[in-house]
Amino acid sequence: MISSSPGSRHRRLPHVQGESGVALVAAVFALTLIGALVASSFFAGRLEQQSGQNVLFSGQAREAAEAGLAEAMATVNAALLEDLPVGGVPLDLGTVAVGEEVTVHSKIARLTSRLFLIRAQGTRHDASGAALATRTLGMLVQLVASGAPPQAEAEDQMGVSRLAERGWVGLY
Amino acid sequence: MLAHRRGFTLAEIMLGLVVTLVVTGSIYNLLLATQRVTRAQAQRVMLQSSLRAGSLIVLNELAELSTATGGTPDQNDVLTMGSSAITYRAMRGMGIICHLPGATVIRLARSTFTGHRDPQAGRDRAFVFVPGNAETADSWVPRDIVTVATAAPCPGGQGPGITLTLSSSPSLEALEVGTPVRITELMEFRLYRADGRSWLGARSVSAGELIQPLLGPLTDVSGFELEYLDATGSPTADRSDVKSIQVRLRGMVESAGDNAAPPEEELVTRVALRNSPAT
């Protein structure tokens, strides 16, 4: 049984107040130390994660640009290209989502009478839409007869083909 | 008054001191160990990060190379290939001709020029696109860049230009405004030793540069390994047959401490040469 009286509490109080110790200081110091160790460990991990993420975002932007080039090659046709003016304003092929928070914006410009440049810019966005990484690639394409040359020219059948040599371009 | 105050006996003080020493020693050892682990972690993170960055640089440099099976030397950008070294023709930029002031002078529109830097006379070469006709195929004709000037603008309000004076041979015919021009530079990647360690180095061969460290330290002998693959993915020794290159980077931390062997990390990337059609 625990019993107390006002008198006994009065007697013990000065004794408790008079005690000195370092328990609180030591505990705070220990906690701070442990916190710093854990934080430094997390910091190293975070650095690694961010570094890896940047490479991932860069790769996603690059692959999106590649996808944009392939998509443009598949969708443009000779009739569309023949209407473009030489040296004129590029034709905007629009922006397409190629994955979660990854888009590609493609354009095609006419350089000469038969040579064209497709430009695809892949972008990796964050949740708010801000760009985290971008990569732009280009493809030089030209109008070619789509069948055997004499027959194709006679029937006016033209197709779109990438340059056989050095058609792929890294743009900056 | 003093006679009534309680104190500690000598034995209690000694015991307290011993316990304090043991606890303090343990904490100190723990701190040292944690510091060692943290430092090792940070070094490993840096190593992985630099390997990834180095891999990206190599990938970006090699991805644009052109090879053509049985093609001419000008069509093949892989000049020498070894297991830990490669010399290649690197793409440094591309521009579109906006004006043709003379037989050997071309002007590129600054607004269309894309690259790491402007062309440099003596260091770079220009590959000018020449469209084919019924008898000849399309080609990229190489020419030395004799001078580079940036004072004259492009006509028709196209803005600033980059004027290149090219060597007169081989001759170019029927160039037209809008023709693309690629700027190239001879480069070398190789594993080399400096300060007792191995590094991945890069240098401009055409500029006559000395090798500069790009990444490291790497492990000796096997730090930078290249494997050249043909269209079927099999190793090939024919430069014109190369369709992809497998790059293996093996790095190690700067100092492991103690006598332990330094931790190593390995990164393997396969670069498909985007200007090497499979057929």
In whole angstrom, largest first, the equivalent ellipsoid semi-axes that the Cα gyration tensor gives for the stretch B:90-185 are 20, 16, 12
Checking rank on A:29-38, B:105-114, B:264-273, with mean other Cβ inside 10 Å and highest first, the result is B:105-114, B:264-273, A:29-38
Partner shielding of A:47-54, taken as the mean number of other chain Cβ atoms within 10 Å, equals 4
Per principal axis, largest first, the Cα atoms of the protein assembly as shown extend in Å by 122, 53, 48
Shielding of A:157-166 by other chains, given as the mean Cβ count within 10 Å, works out to 5
Computed for the stretch A:50-171: size of charge dipole around the Cα centre, +1 on C-beta of each Lys and Arg, -1 on C-beta of each Asp and Glu, debye to nearest 20, value 440
Long-range amide H partners of B:Gly161, meaning residues 5 or more apart or on another chain whose placed amide H is closer than 5 Å, are B:Arg110, B:Cys154
For chain B, the longest principal axis of the Cα atoms and the Cα long axis of helix B:10-62 enclose an angle in degrees, to the nearest 10, of 10
Sorted on mean Cβ neighbours within 10 Å (highest first), peptides A:127-137, A:160-170, B:64-74 come out as A:160-170, B:64-74, A:127-137
The relative contact order of the stretch A:50-171, taking Cα pairs under 8 Å that sit 6 or more residues apart, comes to a percentage of 25
Residue-ordered couplings for the stretch A:96-112, obtained by feeding phi - 60° into the Karplus form 6.51 cos²θ - 1.76 cosθ + 1.60 and rounding to whole Hz (Gly and Pro as x), are 10, 7, 10, x, 5, 6, 10, 10, 9, 10, 10, 9, 9, 10, 8, 8, 9
Mean separation of Cα contacts under 8 Å (at least 6 apart) over the residue count of the stretch B:23-126, i.e. the relative contact order in percent, is 14
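Computed from the coordinates by the stated procedures, all read-outs in this text should not be read as laboratory data. None of these values were measured; they are calculated from a predicted model. Cβ atoms come from the backbone with ideal geometry, glycine included; neighbour counts cover every protein chain shown.
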